[in-house]
Each structure stands twice: as C-alpha cells, then as structure tokens.
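Please see the structure below; I have some questions.
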Amino acid sequence: MSSPTSSSPSQQHIMGVYNRAPLAFERGRGARLFSTDGEEYLDCVAGIATDGLGHAHPALVEALKTQGEKLWHVSNIYRIPEQEALADKLCANTFADVAFFTNSGTEAIECALKAARRYHVVDGHAERVDIVGFEGSFHGRSYAAVNASGNPGYLDGFGPRLPGYSQLPFGDLAALKAAINETTAAVIIEPVQGEGGARALTEAQLDELRAMTREAGVLLIYDEVQCGMGRTGKLFAYEWAGDAAPDIMCVAKALGGGFPVGACLATTEAAKGMTVGVHGSTYGGNPLAMAVGQAAFDAINTPEILDNVKQVAGYFTQQLNGLKDRFPDVIVDIRGKGLLIGVKLIPNNREFMVLARDQKLLVAGGGDNCVRLLPPLNLTIAEASEAIAKFEKACEAARAKAAA
Ligand SMILES: *Cc1c(COP(=O)(O)O)cnc(C)c1O
C-alpha cells in the first residue's frame, strides 16, 4: 500500500510475473526503438511478432487517430461496420466463413476450443470432448490455453488439470493417429511453433494432419497467432501446404499491428454450435481495434510485404547458417519459417540476449534454448545485414565469455 515519495516509477507495485530487462523505451520508428536513456536499438522482437509493420507505421497511426476521434467502443449488442469489414477481409483471404473478434490470442484460443466442443454437441456427438495438442506448444495463459499446451511450468500450482486435454510429441503423426478415437473433438497445433523454439511442421506433415483429422471426423484447429499474418511469407502458414486448410484458426499478434486484436476464424460448419448467447466479449471487435486491424491487414496482405518476408528470410537463413559454421561453439541450429527464425544456442539463451542487447540488437527468447528473431515484416535487407553484424558480435562475445 505504501508508495515511495520519489517521482521516478519503480516496479514495486507491478505483480512480479515477469523477469524484465532493465530497459524501457519511449518511442519507435520502423525497426528502431529508442530507449528512455537515449540509446537506439534494432528491434528483432517487434513486440513478440505483433508489430508486423514495425513501430509507428503511418497507415496505422492514421487509422488510430481518425477512428479515435470518431468512436472507440459501443458493444456487440449493436452492429459494428468496422468489424464486419475486417471479417469480410479475413474470410475473403482464408478458408474461413466467419470470425469472432477478441482482444488477445488467448481469447481466440478459448473461442476455438469452445467452438470445437459445441460443434460436436450440435452434431449429435456430445461424447467428443477431448482436445489433442502438442508438446512445446504455446496457446496463451488462460486455464484452457495452458491445459491445451500442457507446459508444466504454466500448469503447476494452479490446481487440477482440466479434463480432456493431452499432448503428443510435436509433429508425431503416428502418435496422433493412435491417439485419435471416438471421444476426440479436435486437434490443436501451431503450424510453426513460436515460443516452443520456432519448430515448423513440414508441408507434407500439414497435408497428412489434415487428411487424418478429416477422415476421423475431428476438427483441426490451427494456432496461427504467431506464425500467421505474413510472418512466414504467406498470409497464413498453412497456405504453404497443398490441402491443409483447418476448420478453425486463431489469429492475433500482427493482426492488430501492435494494437490488441485477435480473431477466431471458422468454417460455417465448424462454427455451427456457436449460436446466440453461447459466447461473447465486451471489448472484442470494437470500432477502434477494427479500424487499426483493417489498416494492418491491408498493409500486410500485399505482394510487396509477403515477397519481402521471403527475401529477407532467405538472407537471414543464409547468413545465420554462415555464422553457425563459423561459431559451432555458439550456434547449433537455425530453424523456423520465414521471419519466425529460431537460433538454437550452446550458451544460455537468456545470457545471449543480454550480449545481443549490448550490441543494441533486441532478440526474443524461446524454448529449447533458442533465441528468436521476429523482425517487422517490412525489414529491409540493409537492416537485416545490420542485425547479422550485431548478432556476429554477440557470438564473438559469447565465445570470449566461454573462454574466460
Ligand atoms: C502469443 C501467442 C498466444 C497468446 O496470445 P496472447 O495475445 O498473449 O493472449 C497464443 N498462441 C500463440 C502461438 C502465441 O504466440
């Protein structure tokens, strides 16, 4: 209750669930972040893949300002034209027929899991309740999301696990085939794992997963919260495969370009249990979020951005593999897809992030001792080359540290 009389803010009254870097920013522009102590950083975190167009993108700033002066929030008891427009865009460009808007990825996951169970109820198979997920996945922090991902670190100490959730080794389709039975409702998977260390399913695996779930009458849910919205060089990662469209898909992060927006997309069939009154959200799909979301969607869903992602990703992969050859004592693997890049390290990834920060390069952590590079999708080759030069210096520092 007591607070210091000092005027400078402290973390004293912040719930201690984050181990924060001793660093704060006051403004950003594109892939640049400027700290409160006057330093400039190259941002390959981009708000953990949310700021798909970098910081302060003019089209997004304009959309926010314009809508901000008109109308922020009314409630879903009225029609919201901005929401209908973004739903139209998403459905015109994906497998989906309908969208439910949320404020976060986790809420999109909640909607997907509820939709899957409701589907089977109205389909006459109320016994189908089980949700099969994969190890190393991350679906968010709500009770359902942590149960769907099964990460013990996020489950321990929160009482009994919810029934009806299990996990298999990532990409183990033989295990999936054996696990699917007459009580299975849905399979949930990230086509490219984000927090789990940037592990990608192959295109063949995606096709096989789709065929297997379709045949078993089980819904397929993709969590494209991190790998979607252009991150892999396609609007959505599942598009890399031939015939792998899901029944339900969760989107968030770059959907709002840094503004909190999420969506659960579904086919009409998969959403048939989601009838009036069964689900809702106070803020989800509000005019302000939808205006920014539309601007972000229009700016990301262009050949220029998607081609840029492929080109810059190709450059990163080539350069990082070069660094891996030169620093086998530091880097053991380069993985991921597009601009969702994982670099698996020998030195501790958290310590490496500090060494990168010393070079004014921001990278994200990840599972399996990876650091992730998740730069804005409009990063230039010149900026990517600057990131590589800084990454190389961090590798040198890591080597020197190990020798000391
Ligand atoms: C970030 C993330 C989530 C959770 O999104 P929030 O907006 O933090 O609730 C879910 N799934 C994946 C794959 C994510 O990367």
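The values are calculated or read from the model by the stated rules, or taken from the named source; none is laboratory data. The model shown is predicted, which means the values in this text are computed figures rather than measured ones. Positions of Cβ are generated from backbone atoms using ideal geometry, with glycine treated the same way; all protein chains shown enter the neighbour counts.
Within the stretch 45-62, count every residue that is away from the ligand (no atom under 16 Å from the Cβ) and buried (at least 19 other Cβ atoms within 10 Å of the Cβ). Before the answer, list the steps.
Kept after step one, since they are away from the ligand (no atom under 16 Å from the Cβ), are these residues of the stretch 45-62: 53-62.
Then keep just the ones that are buried (at least 19 other Cβ atoms within 10 Å of the Cβ); that gives 53-55, 57, 60.
Looking only at that region, the number is 5.
Can GLU182 be described as among the charged types (D, E, K, R) and either within 11 Å of the ligand (Cβ to nearest atom) or at positive phi (or both)? Walk me through it before giving the result.
Working: among the charged types (D, E, K, R): yes; either within 11 Å of the ligand (Cβ to nearest atom) or at positive phi (or both): no.
Considered against the rule, which asks whether it is among the charged types (D, E, K, R) and either within 11 Å of the ligand (Cβ to nearest atom) or at positive phi (or both), GLU182 comes out as no.
Continuing with the same structure: Got a number for residues in the stretch 227-243 being surrounded by fewer than 24 Cβ atoms within 10 Å (Cβ to Cβ) and free of Cβ contacts under 8 Å to residues at least 60 places away in the same chain?
Final tally of qualifying residues: 4.
OK, next. Taking the stretch 239-251 only, how many residues are over 11 Å from VAL98 (Cα atoms), within 13 Å of the ligand (Cβ to nearest atom) and not β-branched (Val, Ile, Thr)?
1
Applying the selection to the stretch 99-123, what residues are touching a helix residue (DSSP H, G or I) at 6+ places or on another chain (Cβ under 7 Å) and either within 19 Å of VAL276 (Cβ to Cβ) or outside the structural domain of HIS139 (by TED's automatic domain parsing) (or both)?
Of everything in the stretch 99-123, those that are touching a helix residue (DSSP H, G or I) at 6+ places or on another chain (Cβ under 7 Å) and either within 19 Å of VAL276 (Cβ to Cβ) or outside the structural domain of HIS139 (by TED's automatic domain parsing) (or both) turn out to be ALA99, PHE100, PHE101, THR102, GLU110.
Further question on the same structure: Hand me the list of helices (runs of 4 or more DSSP H) wholly inside the stretch 78-172 holding 2 or more residues that are away from the ligand (no atom under 16 Å from the Cβ) and modelled with pLDDT of 95 or more.
81-92, 105-122
Given the criterion more than 14 Å from the ligand (Cβ to nearest atom), crowded, with 24+ Cβ neighbours inside 10 Å and not polar (S, T, N, Q), identify the matching residue among ALA270, ALA216, ALA254, ALA263. Step through it out loud before you land on a result.
On the way: ALA216 fails: crowded, with 24+ Cβ neighbours inside 10 Å; ALA254 fails: more than 14 Å from the ligand (Cβ to nearest atom); ALA263 fails: more than 14 Å from the ligand (Cβ to nearest atom).
Answer to the selection: ALA270.
Quick check on the stretch 63-84: of everything there that is among the aliphatic types (A, V, I, L, M) and farther than 12 Å from VAL292 by Cα, which residue is surrounded by the fewest Cβ atoms within 10 Å (Cβ to Cβ)? Walk me through how you get there before you give the answer.
Taking the stretch 63-84 as the starting set, the residues that turn out to be among the aliphatic types (A, V, I, L, M) are 63-64, 71, 74, 77, 80.
From what is left, the residues that are farther than 12 Å from VAL292 by Cα are 71, 74, 77, 80.
Values: LEU71: 13, VAL74: 11, ILE77: 6, ILE80: 21.
The qualifying residue surrounded by the fewest Cβ atoms within 10 Å (Cβ to Cβ) is ILE77.
Filter the stretch 52-77 for residues that are in a loop (DSSP other than H, G, I, E, B) and hydrophobic (A, V, I, L, M, F, W, C) and give the result.
So in the stretch 52-77, the residues in a loop (DSSP other than H, G, I, E, B) come out as 52-54, 56-57, 69-77.
Answer for the stretch 52-77, where residues must be in a loop (DSSP other than H, G, I, E, B) and hydrophobic (A, V, I, L, M, F, W, C): LEU53, ALA56, LEU71, TRP72, VAL74, ILE77.
Check THR232 against each of (1) in contact with a strand residue (DSSP E or B) (Cβ under 7 Å, 6 or more places away or on another chain); (2) within 21 Å of LYS114 (Cα to Cα); (3) more than 10 Å from the ligand (Cβ to nearest atom) and name the one condition it does not meet.
(2)
Here are some residues: GLY171, GLY159, GLY124, GLY164. Which one is surrounded by fewer than 23 Cβ atoms within 10 Å (Cβ to Cβ) and in contact with a strand residue (DSSP E or B) (Cβ under 6 Å, 6 or more places away or on another chain)? Full working, then the answer.
Details: GLY171 fails: in contact with a strand residue (DSSP E or B) (Cβ under 6 Å, 6 or more places away or on another chain); GLY159 fails: in contact with a strand residue (DSSP E or B) (Cβ under 6 Å, 6 or more places away or on another chain); GLY124 fails: in contact with a strand residue (DSSP E or B) (Cβ under 6 Å, 6 or more places away or on another chain).
Checking each option against the conditions leaves just GLY164.
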